[in-house]
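Engineer: Sharing a structure with you now.
Coordinate-derived values only; no laboratory data. This one's a predicted model, so the numbers in the text were calculated from it and none came from an experiment. Here Cβ is always computed from backbone atoms with ideal geometry, including for glycine, and neighbour counts include all displayed protein chains.
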Amino acid sequence: MKKRVCILYTGGTIGMKPGPQGYAPEAGYLGRVMASMPDFSSPEMPGYVIREYAPLLDSSNMGPRHWLAIARDIADSYQDFDGFVVIHGTDTMAYTASALPFMLEGLAKPVVLTGSQIPLCRVRSDGRENLVTSLMVVAQTAIPEVCLCFGNRLLRGCRSTKVDAAGFQAFDSPNYPDLGHIGVAIRTHPELILPARPVSGLTVHPLSDARVGALRLFPGISAELVANVLRSPLQGLVLETYGMGNGPSNDADLMDVLAEACQRGVVIVNCTQCLRGTVDQGGYQAGSALARAGVVSGADMTAEAALTKMIYLFSLGLAPDDIRERMTRNLRGELTENHGRT
Ligand code: ASP
């Protein structure tokens, strides 16, 4: 039987048209372009329906309430389709791809995010290939995960990050292998994919207005600036540190500011600014000082995964210590647990 895919079209370059102020989305346009392209009506393709969001958005304008709308739409028509393709702008696609796995607990069907760097209306568009491949991934695989499919790569959503503003391979998964190989055939790597689950078990976790933020350390950053960021009502912070998770440990004022915030219940998670590798707060004195202040390790999570995970955990109404503990644990394949590391 032909597979059925639900396409949730949120916006992004793929369906945009050039206008007086640059590219902008236009309602109904993507569906018309797809209907005019033979690939999408080929017998090899699954059947699909398009649910277009209103308004269509440049993903720079998206946030937690849009992630929740996507999660709810998936849950509402979960039984009617074999999987979902979410068409999304590339700018914040990695955030949405990181948030959805936390919100969609017990997911048993593929949810594939895709988009393009050049709109479909342009001759060299990468949109056709990305969209065709994403539909095929849903039709041919039963990956029970939120994935990101772009530039012939299939990545775990909560491991993905945007690494190229203009290249066709715009995303990478620096700390986890690709979930599959997309060549002449689409082959998944079962040993890398989360275990299959019963289809009846999907639960959507709504997000609340968690007050979280991210701060990138830089040489010379002042204790005053950090104190201002950590002021109430901030509940959680992704601290983007150097190398293996190091910070300016000789700055006693800065360390005091961090320690005081942790004692007040602010959850501070250490993620490295490096694209690849893991935090080990025990590796250097400059890292262990952060641990002593109460900062917890984000291991090899991307900043996108750490931030969205924190929003999810605060939305569950957990106490700061529970959140700290879960931030260091693997919940959806977003981190490699650091056995023995801090
Ligand atoms: N600004 C666009 C967006 O994120 C970029 C893209 O789709 O590639 O919506």
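Engineer: Longest span of the chain, sites excluded, free of trypsin sites (Lys or Arg not before Pro) in DSSP loop with at most 14 other C-beta atoms within 10 Å?
Structural biologist: 3-123
Engineer: Determine the relative contact order of region 113-170: mean sequence separation of Cα pairs under 8 Å and six or more apart, normalised by residue count, in whole percent.
Structural biologist: Computed over region 113-170, the figure is 31 percent.
Engineer: Here is a follow-up. Roughly speaking, what is the centre-to-centre gap between region 165-192 and region 55-122 when only Cα atoms are used, to the nearest Å?
Structural biologist: 18 Å
Engineer: Indicate, rounded to the nearest 5 percent, the antiparallel portion of the DSSP beta bridges found entirely in the chain.
Structural biologist: 35 percent
Engineer: What aspartates and glutamates does Lys2 reach when the alpha-carbon gap must be under 19 Å and sequence neighbours fewer than 8 apart in one chain are set aside?
Structural biologist: Asp39, Glu44, Asp80, Asp82
Engineer: Cβ under 12 Å from Glu334's Cβ, Glu334 left aside: what net charge do those residues give with Lys, Arg +1 and Asp, Glu -1?
Structural biologist: +2
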